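This is the structure I have questions about; it appears just below.
The values are calculated or read from the model by the stated rules, or taken from the named source; none is laboratory data. Since the model is a prediction, treat every value here as computed from it, not as a measurement. Please note: Cβ atoms are built from the backbone with ideal geometry, for glycine as well, and neighbour counts cover all protein chains shown.
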Amino acid sequence: MDALQPTNEAASREQSRPLRLSTNDVAPGERSGWLRDVICREYANVEVTSPTRQILSQDLTIYPWDCSRLSVIRSSGVGLKRLPREPLLAGQDAYFVVVLLSGDYALEQDGKEVVLQPGDMTLYDATRPHKIDCPRDFSKLILAIPRPLLRERMAGVEHSAALRISGSAGIGAVASRFLRSCGKNADEFAPNEILALADQAVDLVSLAAASVRPSGFSLSRSRALSMRRVKALVEGRLADPELDTAKIARLARLSPRYLSGLFGDEGTSLMRYVWSRRLENCAKDFSDPRRAADALSEIAFRWGFSDASHFSRAFKQRFGCAPREFRQGR
């Protein structure tokens with residue numbers, strides 16, 4: 001085990017190495033097309049426009065953050081328009097949290113428009129049509145959070161999209177300062193620190209987004225208590241390969257229909273939640289040096305999967321790579 005440790009650490013650092021891209025390496029006349037290709041590949045399928053009589057310039061640094069990604073972007077004025085098309089890549093099925101560092105930023109989505117001041121935050125669904133307008137030089141952070149992950153942390157996240165989260169007061173200020181500090185010091189973090197910071201970032205973003213969620217949306221106290229009880233019950237039985245809706249309903253003394261409604265409020269289903277939690281626990285074990293000698297299938301079966309092929313497909317769909325590649329990268 002000791003002999004393998006340096007190799008594991010080196011692979012982990014390689015996996016967390018940032019991607020740096022810049023228009024400085026592209027001829028001015030080709031920059032618009034180049035930037036569109038980059039954004040479509042790394043973020044969302046968009047059209048790109050820039051103010052007339054201005055040479056487009058942009059520097060991007062993208063840091064892999066466990067399941068999320070943190071981007072630091074500095075750019076000349078630009079406009080982006082997301083069309084009603086399917087995402088090009090499964091990894092683009094995400095919510096984007098934006099923290100404006102400098103300049104102007106306006107976002108439109110689902111009939112709502114939000115204008116940010118430096119320090120403010122907002123979030124939007126990267127898969128749905130939207131429009132972004134930054135008429136002059138600006139800089140921003142983007143935290144891309146997979147849709148299932150954010151919906152697990154926060155019910156009704158879609159109701160918080162395209163709303164201003166103040167960066168000068170309350171939980172919004174705490175979240176904004178945390179993300180700005182992370183962006184400023186991102187090159188200094190070790191892989192194990194990134195894992196902890198990513199988890200805290202998602203928690204803070206969830207709290208900040210919930211603070212601006214319309215008051216008309218809320219789970220009743222009894223439904224909220226039922227949801228917490230069901231999730232705790234599921235958590236203690238993830239290793240049971242026979243865990244299904246009927247069994248959970250019986251143990252929780254709730255009807256399957258009621259359970260379906262509870263998880264429907266969070267934009268998912270009971271069994272999708274179960275599979276997601278199993279996959280997350282498998283990913284943690286793959287990253288744990290203490291589990292390095294355990295076979296991939298052994299870990300999958302330990303967390304309730306009974307079919308290795310189904311597990312491998314589900315894992316790749318969730319994390320973007322096969323289980324073996326994930327472990328080697330870690």
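Please pick out the residue among 88, 163, 150 that is assigned by TED's automatic domain parsing to the domain that holds residue 42, part of a loop (DSSP other than H, G, I, E, B), under 28 Å from residue 36 (Cβ atoms) and at pLDDT below 95.
Unique residue meeting the criteria: 88.
If we scan region 119-128, do we find a residue that is surrounded by 15 or more Cβ atoms within 10 Å (Cβ to Cβ), more than 25 Å from residue 288 (Cβ to Cβ) and among the small types (Gly, Ala, Ser)?
yes
Just to be sure, is residue 314 farther than 29 Å from residue 174 by Cβ and of a type outside the set (Phe, Trp, Tyr)?
Numbers: farther than 29 Å from residue 174 by Cβ: yes; of a type outside the set (Phe, Trp, Tyr): yes.
Yes, satisfied.
Please indicate, with yes or no, whether at least one residue in region 105-117 is touching a strand residue (DSSP E or B) at 6+ places or on another chain (Cβ under 6 Å), within 18 Å of residue 80 (Cα to Cα) and touching a residue at least 60 places away in the same chain (Cβ under 8 Å).
Within region 105-117, not a single residue is touching a strand residue (DSSP E or B) at 6+ places or on another chain (Cβ under 6 Å), within 18 Å of residue 80 (Cα to Cα) and touching a residue at least 60 places away in the same chain (Cβ under 8 Å).
Assuming residue 241 fulfils every condition listed in (1) in contact (Cβ under 8 Å) with a residue 24 or more places away in the chain; (2) surrounded by fewer than 17 Cβ atoms within 10 Å (Cβ to Cβ); (3) touching a helix residue (DSSP H, G or I) at 6+ places or on another chain (Cβ under 7 Å) apart from one, which condition is it?
(3)
Here's something else I'd like to know. Please determine, by comparing only the residues of region 156-185 that are farther than 17 Å from residue 115 by Cα and in contact with a strand residue (DSSP E or B) (Cβ under 8 Å, 6 or more places away or on another chain), which one is surrounded by the fewest Cβ atoms within 10 Å (Cβ to Cβ).
For region 156-185, the residue satisfying everything is 180.
So how many residues does region 133-155 have that are more than 20 Å from residue 68 (Cβ to Cβ) and either of a type in the set (Lys, Arg) or buried (at least 17 other Cβ atoms within 10 Å of the Cβ) (or both)?
4
This table checks each residue for (1) in a helix (DSSP H, G or I); (2) in the same structural domain as residue 152 (by TED's automatic domain parsing); (3) of a type in the set (Lys, Arg); (4) under 20 Å from the mean Cα position of the chain (by Cα).
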residue	(1), (2), (3), (4)
234	yes, no, no, no
239	no, no, no, no
249	yes, no, no, no
262	yes, no, no, no
268	no, no, no, yes
271	yes, no, no, no
275	yes, no, no, yes
283	yes, no, no, yes
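Answer yes or no: is there a residue in region 298-315 that is touching a residue at least 60 places away in the same chain (Cβ under 8 Å) and part of a helix (DSSP H, G or I).
Scanning region 298-315, I find at least one residue that is touching a residue at least 60 places away in the same chain (Cβ under 8 Å) and part of a helix (DSSP H, G or I), so the answer is yes.
Let me ask something else. Looking at (1) buried (at least 17 other Cβ atoms within 10 Å of the Cβ); (2) in contact with a His (Cβ under 6 Å, 6 or more places away or on another chain), which one does residue 249 not meet, given that it meets all the others?
(2)
Here's something else I'd like to know. What do you reckon, is residue 102 small (Gly, Ala, Ser), within 29 Å of residue 210 (Cα to Cα) and assigned by TED's automatic domain parsing to the domain that holds residue 180?
yes
Being charged (D, E, K, R), out of contact with any helix residue (DSSP H, G or I) (no Cβ under 6 Å at 6 or more places or on another chain), surrounded by 14 or more Cβ atoms within 10 Å (Cβ to Cβ) and not assigned by TED's automatic domain parsing to the domain that holds residue 195: is that true of residue 313 here?
no
Same structure, new question: All but one of (1) under 20 Å from residue 92 (Cβ atoms); (2) touching a helix residue (DSSP H, G or I) at 6+ places or on another chain (Cβ under 8 Å) hold for residue 161; which doesn't?
(2)
Within the bounds of region 33-42, is there any residue that is without any contact (Cβ under 8 Å) to a residue 24 or more places away in the chain and among the aromatic types (Phe, Trp, Tyr)?
Yes; the residues of region 33-42 include at least one that is without any contact (Cβ under 8 Å) to a residue 24 or more places away in the chain and among the aromatic types (Phe, Trp, Tyr).
Could you figure out which of (1) within 21 Å of residue 155 (Cα to Cα); (2) among the basic types (Lys, Arg); (3) at pLDDT 90 or above isn't true of residue 237?
Evaluating residue 237 over (1) within 21 Å of residue 155 (Cα to Cα); (2) among the basic types (Lys, Arg); (3) at pLDDT 90 or above leaves (1) as the failure.
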